[in-house]
Structure formats: structure tokens, C-alpha cells
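One structure below.
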Amino acid sequence: VYPWLRGLGYTSLGIFLLGFLFWNIDNIFCDSLRNFRKKMPPIVGVTTQFHAWWHILTGLGSYLHILF
């Protein structure tokens, strides 16, 4: 009925799937990411916490889907 809502639906789905992708990367490469974080500056370690990104992105994607 409202074509402008289609973009919101795709955005919510895309953000949710991106969070799911980050979560899987974190599960598969957990040991490698831990070793990488030990060698890099602290800010890189914070931004490569993909499990945390999973929580943020799936929460945002779910919120946008509720708005949709």
C-alpha cells in the first residue's frame, strides 16, 4: 500500500543480516580475532568485537522492522 515503506523493510532486513554475518564471523574466527586484538591498538580491539556488533545491529534491525 505504501511504496516508501519498502526501503525501510529492506534496510531493517539488511541491518539484521549484517549483524548475523558478524556473529558468524566471530564464531568461526574467534581464536584468530583474539590474537589479532592482542597485537593491535585498543581502539581496533573495541571495533572488532563482532559479538557486540551482533547485539547492536540485530537490535537496530528489529527496531526498524517493528517500525516497518
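The values are calculated or read from the model by the stated rules, or taken from the named source; none is laboratory data. Since we're looking at a predicted model, the values are computed, not measured. Note: ideal-geometry Cβ built from the backbone for every residue, glycine included; neighbour counts use all protein chains shown. Surface accessibility is based on the protein's heavy atoms, side chains included, excluding ligands, DNA and RNA. Shrake-Rupley method; radii C 1.70, N 1.55, O 1.52, S 1.80 Å.
List of remarks:
- Virtual spin-label span in nm between Asn27 and Gln49, 7 Å along Cα→Cβ: 2.1
- Contour excess over end-to-end distance, with Cα ends at Arg6 and Asn35 and 0.36 nm allotted per residue: 6.3 nm
- Carbon plus sulfur fraction of accessible area for the chain, probe 1.4 Å, in percent: 72
- When the convex hull of its Cα atoms is viewed from all sides, the stretch 1-55 shows a mean projected area of 4.5 nm².
- Rounded to 10°, Cα long-axis angle of helix 5-28 versus longest principal axis of the chain: 20
- Solvent-accessible area per residue, Å², over the chain with all protein chains present [probe radius 1.4 Å]: 77
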